[in-house]
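To keep things clear, I will list the structure first and then write my remarks on it.
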Amino acid sequence: MADTLYIVDTFSLIFQVFHAIRQPMTGTRGQPTNAVFGFTGDIQHLLKEKSPTHIICAMESQTPQERVAIYEDYKANRDAMPDELQPQIPLILDVVDAFGIPIVSYPGWEADDVIATVATRAAAEGFDVRVVTSDKDIRQLLAPKIKIYSIRKKQLYDEENLWDDWGVRPDQVVDFQSLVGDSVDNVPGVPLVGPKKAQALLEKFETLEQVLDNADQAPGKKLSENLKTYREQALMSRELVRLNISLPIKLTWEECRVSKPDHQRLLELFTDFGFRRYANEMETALAQTKIEETGSPNREWTKVDDKEKFAEFLSELKDQEKFCVDLETTSIDPLQADIVGWAFCWESGRSFYIPVDGPKGTAVLDPAEVLAAIKPILEDDQRTIVNQNIKYDMLVLRRAGVLIANLGLDSMVGDYLLDAGARTHSLDDISKKYLHRQMIPISNLIGKGKKQLKMFEVDVDDAAEYASEDADVCWQLTEVIEEKLHEEDLWDLYWNLERPLIPVLAEMEWNGIRVDVDELKRQSDHLTLRLSQLMGEIYEAAGSEFNIDSPKQLSKILFEDLNLPIIKRTKTGISTDQEVLEKLASEHPLPAKIIEHRQLSKLKGTYLDAIPNLVNKFTGKIHTSFSQTTAATGRLSSSDPNLQNIPVRTEEGRLIRKAFIPSEPGWKLICLDYSQIELRMLAHFCGDEEMCSAFRDGVDIHTAVAAQVYSVPKEEVDSSQRRVAKAVNFGVIYGQSSFGLAASLGIPKDEAAQFIEDYFTKYSGVQAFMEQTLDDVKETGYATTILGRRREIAGIRGKRWGNLNMPERTAVNTVIQGSAADLIKQAMINVHHRMQREEHPARMLLQIHDELVFEAPEAAVDSLIQLAREEMESALDLSVPIVVDCKTGDNWLDAE
């Protein structure tokens, strides 16, 4: 069987995937990655599915093109490369290089000429050649050994397909294109000669010369005249179209042979790009390679399943000042989990597992005796406890009556600080990243689907091997990650902020918040009636009944039956998304009703009907989980349920908060909220005197900005002027464009653009701060917050004009929003510690971005407010005052 050479027309493929994947994709440093992702997938497809023996990527040369010397306007109509694509080119070339694929170009010539030369030579030497391109110029190369591969259609294109399409042979393609021309490359051809006429002429006269020599016999006077008039132009076009098959490219077939990729380099790249699946594949490949080279990791584990072994273990444990403890439990919910087994490690490659539950008849130790023996060791503040996601274990242990005294490194949080943009910081993933080690999958123990076992049903020997590995790997990771944190000057951020925050979050999750399930049921019933009523109104507005959840049926109603204008198309058809419906709402009442129905349905399903099912059966409360490692900016996130995303812009959304109530009779909910903290952070960083003065004087910042920009006294600023100023104030942080501002406020784009221009003129310090921030990020490669949190960002342009691109917006936002996140985290720690010192009866319940929610006995509300406000306003030293607003109520809505 002949060797197969695949030749990738690199830029043809890049443009295909860039336009095919239109949703924004960014990597860990904010760099655009949609084209990189698509190109990587295509390379993976070629290597895995087509199994070539040889492969190259053909590229344009960067030197002046030979064809321009023939025709100055050659390719003159080509659009400039999109801003979002330009920074992706070097990233794609890095991927190609890491796959070990040669990148071939030749000075002065195009990728097509490289393809033509290599393909012709390879076919002559017996290769089966497949050219991966959508470029029709390559059709002139078609031959029994050379075919075109359409990667989008996953189909080969050969001489027969060419005949079906154009009605010409491969040797006639150059002449065909010389007559027709090519608007994309600005090849002029002959006016009035389209594909059908060119085919007919070549069918009759065979070659371009014969067509031109027999112009008098061409059908139609005008066509005959054009063939004579534009004879030289047609011949020139042929020179432009004909590919060079004789470039002196120095390339050996061995260089093109498919080789083993550089898995380590690809892992680094895919991790940086945020391509989780591809990164996991590389981690698995690396782990497998390491096992093949060195064998399985050397480790020993001891199953401590009798009293004698436990006494020996306990004696050794008491000698340790630092160790990892990891629990196997009955549930992923720590507040409903019982301990099945304990895993310990304090020495790489050596770990222990103590089973306290297992299948019937299995040798296990008494849970109460083990707990009683280990409890004083964990509660000894002279010992340091480490683990992955230690907050989970803290909550399980607290349920069992144990309070860990002294935390060390949480490997998950440590990895997050090193790589905030990574999609995951799971133990499996960071084990592959740092140790190149493939861990035992949990599915090997408990299976999947309906027959999945509980951990206490797993064979104890299997559980011991699995759990002891977790502890061993985590111990090794903490050593590696701690060293990296010191190297990257991030250890203080971990030790002084993120580490002390862990017990604060554990305390909040332990406290939970009570919900009035009956109130949620009342609201759900109300929405059920409204949705039913709305359905009738929708059918009436549409003129017929249809499935409103079907985009296809809705599209037919909107754009065929009602003949509304088409706003946007997607690969699957005409779009009916939120943005489209909002634009159509002014044209007809139906879109607005569809929007309302969608919003209310989501509200009902996501919150009103779902939250009651999340009430803890033991506590009667909701215990949301707070994550330190999800948001790349440093913000906390909330899940199960996500209480940070409860809609507050609609009356129905705000009402949900009414169901959140104090857990004790006679108690109140208290909400303390930082006032405009991100704008205050902006003022602190930029030092603009006008902006800082407004905050120092306690002037409403939006009114102050409106007065400055509109050049009117503050007292004469009207509501619409303040509204524009407010939108710009907050929009600046997110790099909002004039188009975005105009769309959000419903004002002309010119007016929005003028206001933004005047804003930066009046507040020149803001512009200077943004420029300096972007210059710093471009130089260092990362954005830095007030406490030193870092986020890698690529794609910052050296010269910036007009709107900021995605990486630039990300950079500015990270500094501002990330610093605000630093502030509230420090405040939470300070408030928590002071409440402990003063033995205050209040409880901290929730953190919602810039807001903290407490509950306290009514008599202690004033002291709690004073305590929390003092700590929140003094958490960090800013150059402008920090102001905290406060409200109190019998439920979260009243305290909002």
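All of the numbers you see were taken from the coordinates with simple rules; none came from a lab. Please read all numbers here as calculations on a predicted model, not as lab measurements. Glycine also receives a Cβ, built like all others from the backbone with ideal geometry; neighbour counts cover every protein chain displayed.
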| task | Take the Cα atoms of the chain, find their three principal axes, and give me the spread along each one in whole Å, biggest first. | result | 105, 78, 58
| What ³J(HN,Hα) values, in whole Hz, does the Karplus curve 6.51 cos²θ - 1.76 cosθ + 1.60 give for the range 653-665 when θ = phi - 60°, with x put for Gly and Pro? | x, 4, 4, 4, 5, 5, 7, 8, 9, x, 8, 10, x
| query | Exposure proxy check: R152, R299, R791 ranked by fewest other beta carbons within 10 Å? | reply | R152, R299, R791
| note | Under Stokes-Einstein, the range 516-622 at 4 °C and 1.567 mPa s, with its Kirkwood radius over C-alpha pairs, diffuses with a coefficient in µm²/s of 84 µm²/s
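Give me C474, C692 ranked fewest to most by other Cβ atoms within 10 Å of their Cβ, as a rough exposure proxy. Each step should come with its number before you reach the end.
On the way: C474 27, C692 19.
The most exposed by this proxy come first: C692, C474.
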| With charges only on Cβ, +1 for K and R and -1 for D and E, what is the dipole size of the chain about its Cα centre, in debye, rounded to 20? | 2220 debye
| request: Mind checking which of M770, V709, G746 is farthest towards the positive end of the range 654-777's charge dipole, using Cβ charges of +1 (Lys, Arg) and -1 (Asp, Glu) about the Cα centre? | output: G746
| request: Convert each backbone phi in the range 741-755 into a coupling constant with the Karplus relation 6.51 cos²θ - 1.76 cosθ + 1.60 (shift: θ = phi - 60°), then list the ³J(HN,Hα) values in order as whole Hz, x for Gly and Pro. | output: 5, 4, 5, 6, 9, x, 10, x, 4, 4, 5, 5, 4, 5, 5
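Listed highest first by mean packing, meaning other Cβ atoms within 10 Å per residue, what order do 264-275, 705-716, 405-416 come in?
Details: 264-275: 21.7, 705-716: 16.5, 405-416: 23.2.
Highest to lowest by the protection proxy: 405-416, 264-275, 705-716.
Please go through the range 791-896 and write out the chymotrypsin sites (Phe, Trp or Tyr not before Pro) that DSSP classes as loop and that have at most 12 other C-beta atoms within 10 Å. List each step's numbers first, then the result.
Values: sites: W801, F854, W892; in loops: W801, W892.
The qualifying sites are W801.
For the pairs K450/K552; K583/K749; K303/K617; K48/K154; K307/K375; K153/K583, note any where the Cα-Cα span goes beyond 23 Å. Mind showing how you got there, number by number?
Working: K450/K552 34 Å; K583/K749 16 Å; K303/K617 34 Å; K48/K154 13 Å; K307/K375 17 Å; K153/K583 34 Å.
The answer is K450/K552; K303/K617; K153/K583.
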| the range 298-512 - convex hull of the alpha-carbon atoms, volume per residue in Å³ | 130 Å³
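Once you sort the root eigenvalues of the Cα gyration tensor of the range 427-512 as a ≥ b ≥ c, which label holds: rounded (a/c under 1.5), prolate (a/b larger than b/c) or oblate (the other case)? Mind showing how you got there, number by number?
Details: a/c = 2.93, a/b = 1.49, b/c = 1.97.
It comes out oblate by the Cα gyration axes.
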| Just how far, in whole angstrom, is the range 640-673 from the range 166-197 if you go by their alpha carbon centroids? | 68 Å
| request: Starting with the fewest neighbours, write out S178, S134 ranked by other beta-carbon atoms found within 10 Å of each beta-carbon. | output: S134, S178
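Could you rank the peptides 351-357, 530-536, 868-874, 491-497 by their average count of other C-beta atoms within 10 Å per residue, with the highest value first?
Values: 351-357: 25.1, 530-536: 13.0, 868-874: 19.0, 491-497: 17.1.
Ranked from most to least packed, the peptides come out as 351-357, 868-874, 491-497, 530-536.
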| task | Putting +1 on Lys and Arg Cβ atoms and -1 on Asp and Glu Cβ atoms, find which of W253, N444, C671 reaches farthest to the positive end of the dipole of the chain. | result | W253
| query | How much length is gained on full extension from D3 to K50, taking 0.36 nm per residue of separation minus their Cα-Cα distance? | reply | 15.7 nm
